[in-house]
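S.K.: Take this structure first; my questions come after.
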Amino acid sequence: MRHITTTELACMEVINLCDGGKLGYPCAVELCAEDGRITALIIPRECGFLSLGKSEQYRIPWCRIECLGEDTILIKLTAAELSDCLCRCKGRKK
C-alpha cells in the first residue's frame, strides 16, 4: 500500500479525464468528522482579471478520483458536474 502525505498531495496537479483540463493543485482535503474518511479535495480557482476578482474553489468528491499517480491526480467529471463542484470561498471567522 502506498502512502501519500498532504504535502505530496498538494504538489500533484489535478487533471480532468473528460476534457483534459488542468484544474490546479489541491490546497486542502475535506474529512468526515465521524470516521476520519477523506470526502473531498479542495482546489482553489482564482477568478477575474489578474486573479484580482472573487475567490472560488472546486470541491471534488473523493469518489470521483480515478487515479493518484506519481505527480498527477486524475478525476472524471463532465462539464456540468464540474460546475456543480465550484463554490465560493468562505471567509475565515475571527
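S.K.: Of all residues in region 1-48 being in contact with a Pro (Cβ under 6 Å, 6 or more places away or on another chain) and aliphatic (A, V, I, L, M), which is nearest to Pro61 (Cα to Cα)? Explain how you work it out, then say what you get.
M.R.: Of all residues in region 1-48, those in contact with a Pro (Cβ under 6 Å, 6 or more places away or on another chain) come to 9-10, 27, 40-41, 43.
Filter once more, so that each one left must be aliphatic (A, V, I, L, M): 9-10, 40-41, 43.
Values: Leu9: 15, Ala10: 16, Ala40: 4, Leu41: 7, Ile43: 11 Å.
Restricting to residues being in contact with a Pro (Cβ under 6 Å, 6 or more places away or on another chain) and aliphatic (A, V, I, L, M), the top hit is Ala40.
S.K.: Also: Look at Arg45 and say whether it is modelled with pLDDT of 90 or more, part of a strand (DSSP E or B) and open to solvent by 60 Å² or more (accessible area, probe 1.4 Å). Outline the logic, then answer.
M.R.: Values: modelled with pLDDT of 90 or more: no; part of a strand (DSSP E or B): yes; open to solvent by 60 Å² or more (accessible area, probe 1.4 Å): yes.
Here the answer is no, as Arg45 does not meet what is asked.
S.K.: Sticking with this one: Could you give every pair whose Cβ atoms fall below 6 Å, whose first residue belongs to region 23-37 and is among the β-branched types (Val, Ile, Thr), and whose second residue is at pLDDT below 95 and in a strand (DSSP E or B), counting only separations of at least 6 or pairs across chains?
M.R.: Qualifying pairs under 6 Å: Val29/Ile38.
The values are calculated or read from the model by the stated rules, or taken from the named source; none is laboratory data. All of these numbers come straight from a predicted model, not from anything done at the bench. So basically every Cβ, Gly included, is an ideal-geometry build from the backbone, and we count neighbours across all protein chains shown. What goes into the accessible areas is simple: the full protein's heavy atoms, side chains included, and nothing from ligands, DNA or RNA. Shrake-Rupley method; radii C 1.70, N 1.55, O 1.52, S 1.80 Å.
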